[in-house]
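The block underneath contains the structure these notes are about, expressed in structure tokens.
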Amino acid sequence: MEYHEKKKTKHGFDRRKFWRGFSTVCLALAMILCVFVVSQVLSQGYVSIGGYSVFRVVTPSMEPTLPVGALLLSQEVPISEVQVDDIVVFRSKQSDMLGAVITHRVINILENANGEIFLETKGDNNNYPDASYVEQKNIIGRVVIHTGDGNVFSEVIGGLTSPMGFFAFIVFPCLIVGVVIMRGTIKNIRSEMEVLTQELEEAEGGANKEKDAKTATLEKEMGEQAYQQLCERLRSELLEELKQSADQGETTE
């Protein structure tokens, strides 16, 4: 049995155990993030954290302000805080684009007798306003930051946010790292179990040796004959007690 010396500092700090635990925690957080992102993408089509969402422009309707490939960050706000000339992200109510995420500029704000607010929107590059108004129930947020076109960062984010890129560069690597860490963890657990088993066997062997040594010492002090007589007497007394107990049990019945 080989024993591997653990790397510890003079204060007993186990570096290997620390990094193993740290990597396991990082993996768990990465897996939780993946599950969170996938669940949000599947349920609503985009990721929202703390009311902020990131989108990538895929149509030229807002050029030149938001060229194709630009990234934008939207913040969830009440529709009452939106002002004319703000750029908002919303879900379309038009029958031919129902549910699609649109990013257009607010050109007019309307309010009905019940106090409900409606936003009239239009793409900067479009000739006509949108056919339907934006309500509180279909607004996603107001754009607070956006990038230009042709930057590497937007291309990377665009690749990662695509279904193929997300699974290829995030989910799949996390699974690979998880398998590697799990294999290492299982190997370490086996090694520790082997060490504990060896220590237990050695402890049991030492106890048996100590017991045998005490017996031999007692036998030597009393003499072999006297020791055998003591053992026989104890055996006889034990058998007698067992017999009496059995007789009492039969009498009681």
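The values are calculated or read from the model by the stated rules, or taken from the named source; none is laboratory data. None of these values were measured; they are calculated from a predicted model. Counting neighbours? That spans all protein chains shown, and the Cβs are built from the backbone with ideal geometry, glycine included.
Check the stretch 55-68 and report whether any residue there is surrounded by 14 or more Cβ atoms within 10 Å (Cβ to Cβ), farther than 23 Å from Asn127 by Cβ and modelled with pLDDT of 70 or more.
Within the stretch 55-68, one or more residues are surrounded by 14 or more Cβ atoms within 10 Å (Cβ to Cβ), farther than 23 Å from Asn127 by Cβ and modelled with pLDDT of 70 or more.
Which residues, counting only those in the stretch 82-108, are within 36 Å of the chain's Cα centre (by Cα) and surrounded by fewer than 14 Cβ atoms within 10 Å (Cβ to Cβ)?
If the condition is that a residue be within 36 Å of the chain's Cα centre (by Cα) and surrounded by fewer than 14 Cβ atoms within 10 Å (Cβ to Cβ), then Leu98, Gly99, Ala100 are the ones that fit.
Does Ile140 fit the bill of being in contact with a strand residue (DSSP E or B) (Cβ under 6 Å, 6 or more places away or on another chain), modelled with pLDDT of 85 or more and loosely packed, with under 15 Cβ neighbours inside 10 Å?
The answer is no for Ile140.
Does Val134 count as hydrophobic (A, V, I, L, M, F, W, C) and surrounded by 13 or more Cβ atoms within 10 Å (Cβ to Cβ)?
For Val134, the condition - hydrophobic (A, V, I, L, M, F, W, C) and surrounded by 13 or more Cβ atoms within 10 Å (Cβ to Cβ) - is met.
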